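The values are calculated or read from the model by the stated rules, or taken from the named source; none is laboratory data. Just so we're clear, the structure is a prediction, and the values are computed from it rather than from any experiment. Glycine also receives a Cβ, built like all others from the backbone with ideal geometry; neighbour counts cover every protein chain displayed.
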Amino acid sequence: MRIPRIYEPGPLIPGHVMPLSEDGANHVGRVLRMQAGDSVMLFDGRGGQYPATIQEAGKRQVVVTLGEHQPIDVESPLAIHLGQVISRGDKMEFTIQKSVELGVTCITPLFSERCGVKLQGDRLDKKLEQWQKIVISACEQCGRNRIPEVRPVMALESWLAEPTNELKLNLHPRAPYSINTLPHPDAGIRLLIGPEGGLSADEIAKASTHGFADMLLGPRVLRTETAAMTAITALQCRFGDLA
């Protein structure tokens, strides 16, 4: 049986007896219904993981004893910062979950001209919290011990204008360059994925002005969630750790 992996914000100290956070205790005690003596694996997002043994297991509280730190690192050598225009329904959640599994290091949700999602105030704050929880859950599932950041939502133009040494890429179905022609991204990649209706001509021009190179994935027009997964996978195969 696979040992469940649980994120704990820490600090985690080998040998200490500690209660799990509310989220961790709920997952272990209520969802998994684990018992005293069972094993879990904890990580705090700072790198590595800690085997732990459950001492007490109830519906409201779970207490564990921490083992020694294991410096396991499954991070990709390729840092990818995904700028994703917010998509409707569960498409955005799907994109966030799968991009984390594929190794992105940072995600910035974006508003653009053709973005069909209108969020502000408390609704936007709750969405950001939800997206960060999806990131954590994806890390628990895929074995990552570092937590990618979901940054606050930005206007597309503001994100395009941020100073960075990353290789800047924008997907375009009629771009002259493919992934195989890209230079090695020594400072990582900043990848722009547009909305379901695509970027406007003005937005494409602004991206180009800010140094984003148009990149071709193939002859077919992909949905926004398909484009993100395909681009990240292809980039990881070319420059990262996917075989």
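Could you tell me which residue of segment 97-132 is surrounded by the most Cβ atoms within 10 Å (Cβ to Cβ), considering only residues that are touching a residue at least 60 places away in the same chain (Cβ under 8 Å) and more than 26 Å from Ala187 (Cβ to Cβ)? If we take residues in segment 97-132 being touching a residue at least 60 places away in the same chain (Cβ under 8 Å) and more than 26 Å from Ala187 (Cβ to Cβ), then Cys115 is surrounded by the most Cβ atoms within 10 Å (Cβ to Cβ). Tell me whether segment 61-72 contains one or more residues that are of a type in the set (D, E, K, R), modelled with pLDDT under 95 and not in a helix (DSSP H, G or I). So far as segment 61-72 goes, no, none of its residues is of a type in the set (D, E, K, R), modelled with pLDDT under 95 and not in a helix (DSSP H, G or I). Only one of the listed residues (Leu222, Leu242, Leu171) is at pLDDT below 90 and in contact with a Ser or Thr (Cβ under 8 Å, 6 or more places away or on another chain). That residue is Leu222.
Of all residues in segment 11-50, those satisfying the criterion of being assigned to a helix (DSSP H, G or I) and of a type outside the set (A, V, I, L, M, F, W, C) are Glu22, Asp23, Gly24, Asn26, His27, Gly29, Arg30. Which one of Thr95, Thr105 is in contact with a His (Cβ under 8 Å, 6 or more places away or on another chain) and either in the same structural domain as Val135 (by TED's automatic domain parsing) or among the hydrophobic types (A, V, I, L, M, F, W, C) (or both)? Selected residue: Thr105, the only one of Thr95, Thr105 that is in contact with a His (Cβ under 8 Å, 6 or more places away or on another chain) and either in the same structural domain as Val135 (by TED's automatic domain parsing) or among the hydrophobic types (A, V, I, L, M, F, W, C) (or both).
Glu140 falls short on exactly one of the conditions (1) acidic (Asp, Glu); (2) at pLDDT 95 or above; (3) over 19 Å from the mean Cα position of the chain (by Cα); (4) within 30 Å of Gly24 (Cβ to Cβ), and that condition is (3). In segment 141-152, the residues that are hydroxyl-bearing (Ser, Thr, Tyr) and surrounded by fewer than 23 Cβ atoms within 10 Å (Cβ to Cβ) form no Cβ pair under 7 Å with any partner that is modelled with pLDDT of 95 or more and not in a helix (DSSP H, G or I), whether six or more places apart or across chains.
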